[in-house]
Amino acid sequence: MGKEFEIRREVELPATPEEVWEAVATGPGTASWLFPESTDPDDIVESDRPRKFAVRTEGEGGAFNALEFVIEARDGGSAVLRYVHSGVLDDDGWDAQYDAASTHTDFYLHTLAQYLEHFSPRTATYVGGGPDGINGPEQSTTPDAFETLKRTLGASAPGDRVTVPNGGGEGIVDYVNDKFLGIRTDTALYRFFGRNAWGLPVGASVHHFGDGVDPDAAGDAWRAWLAVVPEHVVHPGLLGGWWFSRPPAPRGTPDEVAR
């Protein structure tokens, strides 16, 4: 059994409706701010370029996952996106799953705006595989793990200047709170996920707009970096202290739920 949910957002974006459409309704577009998606034509409910794109996937026992993007032009070459995500979440842990979906949505839509403002019409090489991105080790499920990651990067507030590991160069913090961190450089958007808030490892993904990026090698490098971060955590007993492929229904990781 499950319980339905709905998430609604309205955001103004620094792009034309056509540019927003490319970003939300195409595989290369979603790879540039979310993760690569391939929509089954049978799942498309409505496709009215560049005004509306809606999909719905049916699951077992009445489960479903539906997304709707309504795009309206604004003066000055900008647009408003009205976003609706609905579906079914498991009864067990519904509140936590909804929290994961809702907060991931805010972070993803922020990243969409960053992409459209700073990199579009270029599209990215996505480093992270699929919706889950790159996961840290089991040790990164601890309550302090994401705060440790932020301290390691020197990221505490929007506008902070930081040095990105693995040859990422200098970047600026464009988003930060207790569950998410975004860093933008001249060539990439680096996204970090504090999924330890839901009992999962911390994670990362990269949307890279440079040339010659090997996503597998880059993914391995970030996986290795995430494995080292928990070593900075002070564990009890040592020093005394210390979640859009579009899923059939949003019942998995926070990323799958959010998309």
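Derivation of every value follows stated rules applied to the coordinates shown; laboratory data play no part. Note that the coordinates shown come from a computational prediction; the quantities given were computed from them, not determined experimentally. Neighbour counts run over all protein chains shown; Cβ positions are idealised from the backbone, glycine included.
Listed values for the stretch 40-48 are Karplus-derived 3J(HN,Hα) couplings in whole Hz (6.51 cos²θ - 1.76 cosθ + 1.60, θ = phi - 60°), namely 5, x, 5, 8, 6, 8, 8, 9, 10, and x replaces Gly and Pro.
Our coupling estimate for the stretch 22-33, obtained by passing each phi through the Karplus curve with A = 6.51, B = -1.76, C = 1.60 and θ = phi - 60°, is 4, 6, 9, 10, 10, x, x, x, 5, 5, 8, 8 Hz, Gly and Pro reported as x.
Take the Cα of residue 11, step 7 Å toward its Cβ, do the same at residue 224, and the gap between the two points is 3.3 nm.
Based on DSSP H segments of at least four residues, each scored -39500 (n - 2.57), the chain has a per-residue ellipticity at 222 nm of -7500 deg cm²/dmol. Across all Cα atoms of the stretch 118-176, the radius of gyration (one decimal) and Dmax (whole number) stand at 13.7, 39 Å.
Give the lysines whose C-alpha is closer than 22 Å to that of residue 179, dropping any in the same chain fewer than 8 places away, or say none. Excluding near neighbours in sequence, the set is 150. Reducing the stretch 153-207 and the stretch 91-109 to their Cα centroids gives an inter-centroid distance of 19 Å. With θ taken as phi - 60° and the Karplus curve 6.51 cos²θ - 1.76 cosθ + 1.60 applied, the whole-hertz 3J(HN,Hα) list for the stretch 201-217 is x, 5, x, 8, 8, 9, 10, 9, 9, x, 8, x, 7, 8, x, 5, 5 Hz, x standing for glycine and proline.
Each label point was placed 7 Å from the Cα along the Cα-to-Cβ direction; for residue 58 and residue 92 their separation is 2.7 nm. Taking each residue as 0.36 nm, the span from residue 216 to residue 47 lengthens on full extension beyond its C-alpha to C-alpha distance by 57.5 nm.
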